[in-house]
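A.B. asks: Just dropping this structure here.
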Amino acid sequence: MMNARKVGVAIVWTIIAIVVVFITLMLVLDVGTVGSKKVEYTDFEQMLITKAKQIYLEKKDQGTDFSLGPCLSNDLQPDWVFDIVHDPRQEIDNLPQYQCSAFNDGKAKHFVEFDPKGNLIRLE
């Protein structure tokens, strides 16, 4: 049976490992940067951006064509969608077939937009 000191040490090392993994993911996913400008986001917004980046990377691995600006999620979170748009915005981005239906139908009021390269454009 482990004594209390060994349990405490194991817990501390587990917490350190979790923090290191979290920081590494934040750096790899480049969360919090819009262009060259650093932006402060709430914890909820950070979660939305991270989740959107994960979806983007999954779709990229599946070979999704981002050039037309597809909707990647109608339910990123309740009342939130995730869409790909061009920067600068192009006419194709305004066509309903390339927008998230939940947003167009009024089921969602907020959106996260990335460009086709996976960079955050707007969170609103």
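A.B. asks: Okay, helix-only estimate at 222 nm for the chain: each DSSP H run of n ≥ 4 adds -39500 (n - 2.57), divide by all residues, round to 500 deg cm²/dmol; what do you get? Intermediate results must be reported in sequence, preceding the final value.
C.D. replies: Values: 3 runs with 49 residues, N = 124.
My calculation for the chain gives -13000 deg cm²/dmol from helical runs alone.
A.B. asks: Rounded to the nearest 20 Debye, what is the dipole magnitude of the chain about its Cα centre when Lys and Arg each give +1 and Asp and Glu each give -1 at the C-beta?
C.D. replies: On the way: 13 positive and 17 negative charges, 140 e Å.
Dipole magnitude for the chain comes out near 680 debye.
A.B. asks: Helix 4-29 sits at what angle to the longest principal axis of the chain, using alpha carbons and giving 0 to 90 degrees rounded to 10?
C.D. replies: 20 degrees
A.B. asks: Next up: Rg(Cα) of the stretch 31-123 divided by 2.2 N^0.38 Å? Could the numbers behind the result be given before it?
C.D. replies: Numbers: Rg = 12.4 Å, N = 93, 2.2 N^0.38 = 12.3 Å.
Dividing the Cα radius of gyration by 2.2 N^0.38 Å gives 1.01.
A.B. asks: A further question follows. Counting only other residues whose beta carbon sits under 13 Å from that of Pro116, what net charge do I get with K and R as +1, D and E as -1? Before the final figure, lay out each step's value.
C.D. replies: Numbers: positive: Lys59, Lys60, Arg89, Lys117; negative: Asp65, Asp83, Asp87, Asp93, Glu113, Asp115.
Taking every Cβ under 13 Å from that of Pro116, the sum is -2.
A.B. asks: Sequence-distant or interchain residues sharing an amide H contact under 5 Å with Ile121, placed H: which?
C.D. replies: When sequence neighbours closer than 5 places are left aside, the close amide H contacts are Glu113, Phe114, Asp115.
A.B. asks: Select from Gln54, Phe114, Ser101 the residue farthest towards the positive end of the dipole of the chain; place +1 on Cβ of Lys and Arg, -1 on Cβ of Asp and Glu, and compute about the Cα centre.
C.D. replies: Gln54
None of the figures in this text is laboratory data; all of them are computed from the coordinates on show. Everything numeric here is computed off the predicted structure, so don't read it as measured data. Cβ coordinates were reconstructed from backbone atoms using ideal geometry, including for glycine residues, and neighbour counts include every protein chain displayed.
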